[in-house]
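A.B. asks: After the structure tokens below, expect a handful of questions from me.
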Amino acid sequence: MKKISTILLLFLATSIFSQSPWTKEKGDLFINFSYTSISDYNELFGDPDYNTERNITDRTYQIYGEYGFTNKTSLVFSVPLKSIKTGEASNLLTGVANTQSGTETTFGNIQLGLKHQFYNNGWVLTGQLLSEINTSSYDDATGIRTGYDAFTFTPQFLAGKSFGKTFLQTHIGADLRTNNYSSNFKIGGEFGGKITQNIWLIGYIDVVKSFENGDVNIPTNNMLTGLYVNNQEYGAYGLKGILQLCDLGLTVGFGNAFFGNNVAKQTAFSIGIFNTF
């Protein structure tokens with residue numbers, strides 16, 4: 001079970017937070033270093049779809065961790081370092097660019113939270129409360145924003161079950177945002193299995209739908225990049241692979257979207273390395 005719980009921490013390594021219902025054992029520390037890239041895009045989902053003013057490359061370097069306070073309660077944390085570049089002005093509405101090209105490298109929204117396991121008998125049932133801190137930044141000259149200009153509180157219910165060499169897990173919850181941003185509903189699931197002695201393959205689907213209950217004033221240049229604007233939503237799917245060597249391992253994955261609003265129409269790729277102490 002300890003090996004299974006280590007694997008299940010990795011399912012959303014390309015996302016900000018893992019959705020695994022399994023908690024760490026008391027005193028155990030799990031760390032994952034990951035790199036995610038959405039490269040050279042200029043089209044966003046919308047109704048209709050629309051273009052950003054400049055080509056954008058969005059890179060994230062992230063530390064994700066879990067620490068077991070008890071066998072049923074874990075501290076979870078995530079520290080993302082964003083490096084976002086805006087390049088060529090390929091979609092000008094007036095013939096003159098409003099934004100400047102440039103690169104911003106700074107923190108995104110740092111997250112902290114607690115996960116508590118309520119039931120573990122076949123199925124594992126867990127509650128999780130995450131808080132996202134307003135640690136991002138915005139540069140008006142380039143329109144680059146590295147996170148939401150808000151605090152976010154995310155209550156979630158997590159459920160999972162292992163079936164020998166395969167597993168299933170699901171999550172449901174909401175992102176409740178301050179500063180007049182809309183909140184959103186979220187739901188998803190993952191299924192995977194061990195295909196060789198050291199390799200796991202996982203497929204996932206995630207859906208985020210905005211409640212459209214916010215009216216935050218987004219600066220014009222930020223709208224031209226579409227970075228962390230209001231009412232972002234998506235339906236995403238992807239695959240992840242894990243190579244496990246004892247407590248050390250590697251992860252690779254990609255994610256794409258089959259619908260969305262105010263998010264990039266581009267595949268995200270990730271790679272990571274993890275260890276349990």
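A.B. asks: Determine, yes or no, whether Lys165 is farther than 18 Å from Asn262 by Cα and of a type in the set (Lys, Arg).
C.D. replies: So Lys165 passes the test.
A.B. asks: Considering (1) at pLDDT below 95; (2) buried (at least 21 other Cβ atoms within 10 Å of the Cβ), say which one Leu245 fails and leave the rest.
C.D. replies: Status for Leu245: all satisfied but (2).
A.B. asks: Same structure again: Do we find a residue being of a type in the set (S, T, N, Q), touching a Lys or Arg at 6+ places or on another chain (Cβ under 7 Å) and more than 13 Å from Thr225 (Cα to Cα) anywhere in segment 38-50?
C.D. replies: Taking every residue of segment 38-50 in turn, none turns out to be of a type in the set (S, T, N, Q), touching a Lys or Arg at 6+ places or on another chain (Cβ under 7 Å) and more than 13 Å from Thr225 (Cα to Cα).
To keep it simple, each residue is scored yes or no on (1) farther than 16 Å from Ser20 by Cα; (2) in contact (Cβ under 8 Å) with a residue 24 or more places away in the chain; (3) touching an Asp or Glu at 6+ places or on another chain (Cβ under 9 Å).
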{"position": "Leu114", "(1), (2), (3)": "no, yes, no"}
{"position": "Tyr119", "(1), (2), (3)": "no, no, no"}
{"position": "Val124", "(1), (2), (3)": "no, yes, no"}
{"position": "Leu129", "(1), (2), (3)": "no, yes, no"}
{"position": "Ser137", "(1), (2), (3)": "yes, yes, yes"}
{"position": "Phe151", "(1), (2), (3)": "yes, yes, yes"}
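A.B. asks: Every residue in segment 28-85 that is hydroxyl-bearing (Ser, Thr, Tyr) and over 26 Å from Phe258 (Cβ atoms), please.
C.D. replies: Tyr61, Tyr67, Thr70, Thr73, Ser74, Ser83
A.B. asks: Being modelled with pLDDT of 95 or more, surrounded by fewer than 19 Cβ atoms within 10 Å (Cβ to Cβ), in a loop (DSSP other than H, G, I, E, B) and β-branched (Val, Ile, Thr) is true for just one of Val216, Val229. Which residue is that?
C.D. replies: Val216
A.B. asks: For segment 260-273, check the following and say yes or no: at least one residue is open to solvent by less than 20 Å² (accessible area, probe 1.4 Å), in contact with an Asp or Glu (Cβ under 9 Å, 6 or more places away or on another chain) and part of a strand (DSSP E or B).
C.D. replies: For segment 260-273, residues open to solvent by less than 20 Å² (accessible area, probe 1.4 Å), in contact with an Asp or Glu (Cβ under 9 Å, 6 or more places away or on another chain) and part of a strand (DSSP E or B): present.
A.B. asks: Also, quick follow-up: Residue check: is Ser131 of a type in the set (S, T, N, Q), assigned to a loop (DSSP other than H, G, I, E, B) and either open to solvent by 60 Å² or more (accessible area, probe 1.4 Å) or touching a Phe, Trp or Tyr at 6+ places or on another chain (Cβ under 9 Å) (or both)?
C.D. replies: no
A.B. asks: Moving on. Given (1) assigned to a loop (DSSP other than H, G, I, E, B); (2) out of contact with any helix residue (DSSP H, G or I) (no Cβ under 8 Å at 6 or more places or on another chain); (3) of a type outside the set (Gly, Ala, Ser), where does Leu239 come up short, assuming only one miss?
C.D. replies: So Leu239 meets the others, but not (1).
A.B. asks: Here is a check on your reading of the model: is Lys161 surrounded by 17 or more Cβ atoms within 10 Å (Cβ to Cβ) and not aromatic (Phe, Trp, Tyr)?
C.D. replies: no
The values are calculated or read from the model by the stated rules, or taken from the named source; none is laboratory data. Because the structure is predicted, anything quoted here is derived from the model rather than measured. Cβ sites come from the backbone with ideal geometry, for glycine too, and all protein chains shown count toward neighbours. With ligands, DNA and RNA removed, areas are computed over all heavy atoms of the protein, side chains included. Shrake-Rupley method; radii C 1.70, N 1.55, O 1.52, S 1.80 Å.
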